[in-house]
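Okay, structure first, notes after.
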Amino acid sequence: MIFKQAKIKYETLIKDRKLVSSIALFRKHNNKTQVLLERRGSKPGQHKWAFPGGHIESHEEPNQAASRELKEETNLTVKPQDLVYIGHHDNEPDRDKFNYIYAAEYKGKEKTKAMSDAEYIEWFDIDKIPPLLWENNKYLRKALKTVMNEDLQHSDKRGLLIAFEGLDGAGKSTQIDALANKLKDDAESVTISRWNTGESSKLIKKFKNKINMNPKIFSLCHALDLIERYEDVIEPALDQDEIVICDRYIYTSMVRDELRNANIELNNIYENLRKPDIIFYLKCSTRLSIERIKNRGDISYYAAGMDLNLSHDQDESIEKYFKLMNDKYEKVFQNEPNVHIIKTNREPKLIEKDILKITQEYLNKF
């Protein structure tokens, strides 16, 4: 057997202990469907919830390993031949494992007992499950439908949506990467969506090479990119209960649209997009922001606000433009919930610490 992405032979993966097998186990209890989950006692994902499972040994088939691991970690017995194959995936963040997923309905009478690597074992009503590691949520839905013929009911809000907003040069990219790395260290599934990275980004760059672009076209370009990324990247990741971090979201578009008097007709474009659970507004002085982007050497005609006719001098134009944007950000966030103002005139490590703390506090509530 060869895995599609890695092109690595099954036998090599077994030898290197990169193959694991997990089981989504269901039961009927008091007329409710429940799923058995374990809280992991070791890294990665220590103290987080997942399906029981573990490494496949050289003499085992994946379903045999799932059956054995279930017994070793929970004290419950399900025969290998009673397991239903659900799928496998090879993209678990920071785990470097290939995971086979099985499912079954448990009808025995054994009592659960946390053993081996399991810190704690618990049956959860299917509508009250905690956040799960890796892609367990995705396979939980499929397993529930396959074995119990039930659909997993969700609230309208899934996953966690975080938006970073602020001036160019405020340090958004640095802080996004730092937060994403910390969350991945805790075995969280994280997707980053960056400004102007959709399929239409080349078209947007082509338009921006024309210095006489109509303000509404300018705004529509950014709207196209955001809608495209939302439908292709952001929403699918949220549907899988991932943490999605956006390097600028609707608020940067709103600020720039309003400055160009193009927001009136365009506001309804963003109406159906989900509002972020957390907004980090990186508040930075215009002087520091301009200094940083000048050091990067990437000040374009539109980045300097030259299309607004604030000044014929680029340095004077960008200074006025950034001040106007800062004022607009302040106005936009006055009545916006879930905004955390992060002052960036500090050491980056101190900023990282504050952002991580706020994020973890939110995650601990759900």
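Inside the stretch 328-366, residues that are under 30 Å from Ile129 (Cα atoms), open to solvent by less than 100 Å² (accessible area, probe 1.4 Å) and of a type in the set (Phe, Trp, Tyr) make up a count of 1.
When Phe124 is tested against (1) among the hydrophobic types (A, V, I, L, M, F, W, C); (2) assigned to a strand (DSSP E or B); (3) within 17 Å of Ile14 (Cα to Cα); (4) out of contact with any helix residue (DSSP H, G or I) (no Cβ under 6 Å at 6 or more places or on another chain), exactly one condition is not met: (3).
Residue-by-condition table, conditions (1) open to solvent by 10 Å² or more (accessible area, probe 1.4 Å); (2) modelled with pLDDT of 75 or more; (3) basic (Lys, Arg):
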residue	(1), (2), (3)
Lys9	yes, no, yes
Arg27	yes, yes, yes
Asn31	yes, yes, no
Gly53	yes, yes, no
Ile56	no, yes, no
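Taken over the stretch 64-81, the criterion of being farther than 22 Å from Trp123 by Cβ, among the polar types (S, T, N, Q) and crowded, with 17+ Cβ neighbours inside 10 Å is satisfied by Gln64 alone. Any residue at all in the stretch 67-75 that is touching a helix residue (DSSP H, G or I) at 6+ places or on another chain (Cβ under 8 Å), within 26 Å of Glu150 (Cα to Cα) and at pLDDT 90 or above? Within the stretch 67-75, one or more residues are touching a helix residue (DSSP H, G or I) at 6+ places or on another chain (Cβ under 8 Å), within 26 Å of Glu150 (Cα to Cα) and at pLDDT 90 or above. Taking first residues from the stretch 307-327 that are open to solvent by 80 Å² or more (accessible area, probe 1.4 Å) and partners that are hydroxyl-bearing (Ser, Thr, Tyr), the Cβ contacts under 7 Å between residues at least 6 apart in sequence or on separate chains come to Glu319/Thr286; Lys320/Ser311; Lys323/Thr286. Within the stretch 233-243, identify whether any single residue is assigned to a loop (DSSP other than H, G, I, E, B), within 22 Å of the chain's Cα centre (by Cα) and at pLDDT below 85, and answer yes or no. Looking through the stretch 233-243, at least one residue is assigned to a loop (DSSP other than H, G, I, E, B), within 22 Å of the chain's Cα centre (by Cα) and at pLDDT below 85. In the condition set (1) open to solvent by less than 20 Å² (accessible area, probe 1.4 Å); (2) closer than 15 Å to Ser193 by Cα; (3) among the acidic types (Asp, Glu), Asp277 is compliant with all but (2).
Taking the stretch 167-193, which residues are of a type in the set (S, T, N, Q), within 30 Å of Lys294 (Cβ to Cβ) and surrounded by fewer than 19 Cβ atoms within 10 Å (Cβ to Cβ)? Result: Ser173, Thr174, Asn181.
The values are calculated or read from the model by the stated rules, or taken from the named source; none is laboratory data. All values derive from a computational prediction rather than experimental measurement. Glycine also receives a Cβ, built like all others from the backbone with ideal geometry; neighbour counts cover every protein chain displayed. These accessible areas exclude ligands, DNA and RNA; they are computed on the full protein's heavy atoms, side chains included. Shrake-Rupley method; radii C 1.70, N 1.55, O 1.52, S 1.80 Å.
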